[in-house]
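Structure, as structure tokens:
Values quoted throughout were computed directly from the atomic coordinates according to the rules given, and no laboratory measurement underlies them. Computed from a predicted model, the values in this text were never measured in an experiment. So basically every Cβ, Gly included, is an ideal-geometry build from the backbone, and we count neighbours across all protein chains shown.
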Amino acid sequence: MASPATFEDRRLPMSATRTTGAEGQSVPGAAPEETQHRFRIADYGVILKPRVMSLVVFTACVGLILAPGTIAPATAAIAILCIAAGAGASGAINMWYDQDIDRVMRRTMGRPIPAGRMRPVEALVVGILLGIASVGAMALLVNAVAAGLLALTILYYVLIYTVWLKRRTPQNIVIGGASGALPPMIGWAAVTGDVGLGASVLFAIIFLWTPPHSWALALYRNADYAAAGVPMMPVVAGLRHTKRLMLAYTALLLPATLAPVAIGMSGWPYGIAALALGALLAGHAIRLARDPGVGPARPMFLYSILYLFLIFVALLADRVLARFL
């Protein structure tokens, strides 16, 4: 899934740091070792893409909770931890590979590698070790199917999306979006040991959500992607065509969000919520399509994040309500 920058990766110049003297007076120009360590630890957190990780973990948790059957709380916690580590591994390797374009794009030039705060090989090593550890732990402590899906997710994001598709085709996030849609299936498989219809529905929702979400970002960051030579849809096909595609994918997404009701996984409380949330998303897409510029793109991008979160919250709330009704 394409994602905004995690947090501001800027660091004060050394001359701007201050420490405290013996009398409590601030001493300019000092760079205490603790501050350097703090930044370094924070940078390791940044390369794991925590915002992306948080959405991955949340959707995986929903898949795990909605899956039929039971799972020991300790096993569930291990599964979620492995999924989080796998997401972090993908993010770290992505930052290692994309270091050249990250230096060009304003949105990413403050990241640890392009900003010179971390050597590229460090991110690569962290990513590889986390990937191996997460898949290995999932296989040993949860089950082989969940481990296989986690390995597929990491390899798909790194090799299919990052290395192959991202710089070669405007369909990069359409095809590559499968990696971001797999976490609920991993959570589901952690409970059941297989991939059921319900897991496939959760996959479809995220898969169809990814293009309008990512292209909204690409529209208002169009100059960034063009400067970096990344062939996002607005760069290659133009604004008008991209907006039409966003409308088309939004039209496909809305009925897909009702599939949980159709297959009996969720009830009408969820269905009503999905309809209301979908109407707001459709409103954003229509408003963007009618606008000659890209002004409505950022509001749509921000709402799309909230939309997916609330769709999955509604799935959980419906399951809780079903137990009391």
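Worth a mention:
- Hey, residue 42 more than 16 Å from the chain's Cα centre (by Cα), within 13 Å of residue 187 (Cβ to Cβ), surrounded by fewer than 19 Cβ atoms within 10 Å (Cβ to Cβ) and without any contact (Cβ under 8 Å) to a residue 60 or more places away in the chain or not: no
- The single condition among (1) touching a residue at least 40 places away in the same chain (Cβ under 8 Å); (2) surrounded by 14 or more Cβ atoms within 10 Å (Cβ to Cβ); (3) assigned to a helix (DSSP H, G or I) that residue 322 does not meet is (2).
- Selected residue (only one of 103, 117 is touching a helix residue (DSSP H, G or I) at 6+ places or on another chain (Cβ under 8 Å) and among the charged types (D, E, K, R)): 117
- Residues being at positive phi, in contact (Cβ under 8 Å) with a residue 40 or more places away in the chain and surrounded by fewer than 19 Cβ atoms within 10 Å (Cβ to Cβ) are entirely absent from region 282-290.
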